[in-house]
Amino acid sequence: MFSPFERLMAFRYLRARKQEGFVSVIAGFSFVGIMLGVATLIIVMSVMNGFRQELFDRILGLNGHMNAYVVGAPLRDYKELKSKVEQAKGIQSAIPIIEGQGLLNVKGVANGVLVRGMTSHDFLVKKVFRDGIVAGDVMDFSGKNIAIGNKLAEKFGLFIGDEVVIMAPKGKASPFGTIPRSQRFKIGVIFDVGMFEYNSGFVFMPLETARVFYRLPEGSASYLEVVTKNINDLNAIKNNLKTQLEYNISLYDWRDANSSFVNALEVERNVMFLILTLIIIVAAFNIVSSMIMLVKDKASDIAILRTIGASRRSMLKIFILTGASIGISGTLMGAVLGIAFAVNIESIRQWIEKLSGTELFSAEIYFLSQLPAVVDWGEVTYVIVMAIVLSVLATLYPAWRAARLNPVDALRYG
């Protein structure tokens, strides 16, 4: 595609000389601009992919794919419904859950919590809980023993075996008004699921204990938590399940519960991609300006080359190769830098926090305890191709000007 002569001239123009200092500085800025633009885009997209995957994995791991419930009433005789749901096509499991608000009280200090009742078997089945137990034994998750998050335990200074009081919102009616119903529980398990919201505001208790505490009828639950075999088939499974269940059973999937959150992540991801792409476009314009200045500076050289037999096509290819070399080398260096940074971003974050003494990533704000990053190789390839194409396009106009340069005029006025 490029002859040895064209490659020789192109790479010769890339080497800086003293009289071409300003041109080489602009070319250097173009290289750095493309490198930083590509690296930043890969890092930001990887972090956002990490956020998305981590949050979705934890949300699905903690809550299942969809819930089956009765509007405004407890789910009576859930065992029959559970059997029917689990026999449906594409369903992996259906777990009965009792859920309600509570007020956790420790030595006069209260904190609102969400109480969720489930069997010890179902508690252990969830990988996020099984892998997230930091103190206690899941075998102690029975009777009046409960499980709380590590952040909630730290807040109140609680340890395994300590007792807490939980009050239910619905109490007993009396001549003096409603008396809150309260009960003592013992800490049996402390967990860390990697999400601040759950670690600081959720209390899990055995299913039968929760049923008695919230005074639900025998054999009833708040809802069935349904897990599908393939989440990508969720719509088809949901529609099929609707036709098999009674009219009063409603289905509510994880996308309905987190729709605003999912949409916000998607919009933010797209906007960040567009904004950061502008960095690469600006760097491409730098290539245009540096190449135009190079053509003007090399007008005499171009004229001499033309007079000794170099064709316009050769001049066009020489300056395209010169500019494209800046863009391609900057893109490849940026890709290596961005991938290396994204893969080691948690270590880099910890190092910067120790160095600066400031907290860069607060679990209370971002819901996760670690900064995640997932490198999507399809996206990386797309970014690299886009940056190279923009770099090559940026060289076309300066190269065309070099090819159209009249040797006589260049020698006369050069």
Report summary line: Simple SL model, points at 7 angstrom along Cα→Cβ for V125 and L355; separation in nm is 4.8 nm
Report task. Would you mind calculating the gained length between F56 and I308 on full extension (0.36 nm times residue separation, minus the Cα-Cα distance), in nm to one decimal? Result -> 84.1 nm
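Using 20 Å as the Cα-Cα cut-off, could you pick out the over-long pairs in K127/K354; K151/K354; K107/K151; K126/K186; K126/K155; K126/K242?
Working: K127/K354 32 Å; K151/K354 22 Å; K107/K151 17 Å; K126/K186 22 Å; K126/K155 25 Å; K126/K242 25 Å.
In this structure, K127/K354; K151/K354; K126/K186; K126/K155; K126/K242 exceed 20 Å between Cα atoms.
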**Report entry** Relative contact order (%) - segment 72-247, alpha-carbon pairs under 8 angstrom, separation at least six
**Finding:** 34 percent
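What length, rounded to one decimal in nm, is gained on full extension from L8 through to K242, with 0.36 nm per residue of separation minus their alpha-carbon distance? Intermediate values should be presented prior to the final figure.
Numbers: separation 234, 0.36 × 234 = 84.24 nm, distance 7.05 nm.
This chain segment gains 77.2 nm when fully extended.
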Query raised in the report: How far is it, in nm, from the label point at V165 to the one at L393 when both lie 7 Å from their Cα along the line to the Cβ?
Result: 6.9 nm
Report summary line: Subtracting the Cα-Cα distance of F29 and D233 from 0.36 nm times their residue separation yields 68.5 nm
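Helix by helix through the chain, keep the DSSP H runs that span 18 Å or more along the axis on Cα and average at least 1.0 on Kyte-Doolittle, and give those back in order.
On the way: long enough: 21-63 (62 Å, 1.35); 259-297 (57 Å, 1.47); 312-343 (46 Å, 1.38); 377-404 (41 Å, 1.11).
Helix filter hits for the chain: 21-63, 259-297, 312-343, 377-404.
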**Report entry** Spin-label model distance (nm) - E154 vs N406, 7 Å beyond Cα toward Cβ
**Finding:** 7.6 nm
Report task. Indicate the gyration tensor shape class of segment 72-247 (rounded, prolate or oblate), computed on the Cα atoms with a ≥ b ≥ c the square roots of the eigenvalues: a/c under 1.5 is rounded; otherwise a/b larger than b/c is prolate and the rest oblate. Result -> oblate
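Can you tell me, using C-alpha contacts under 8 Å and at least 6 residues apart, the relative contact order of the chain as a whole percent? Present the calculation step by step, with values, prior to reporting the outcome.
Working: 662 pairs, mean separation 119.2, N = 414.
Here the relative contact order equals 29 percent.
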Requested in this report: Report, by chain and number, residues whose modeled amide H sits under 5 Å from the one on N145, excluding near sequence neighbours (fewer than 5 apart, same chain).
Outcome: K186
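Each reported figure results from applying straightforward, stated rules to the coordinates on display, with no laboratory input. Here the structure is a predicted model, which is why all the values come from computation and not from measurement. Using ideal geometry, Cβ is built from the backbone for each residue, glycine included, and neighbour counts are taken over all protein chains shown.
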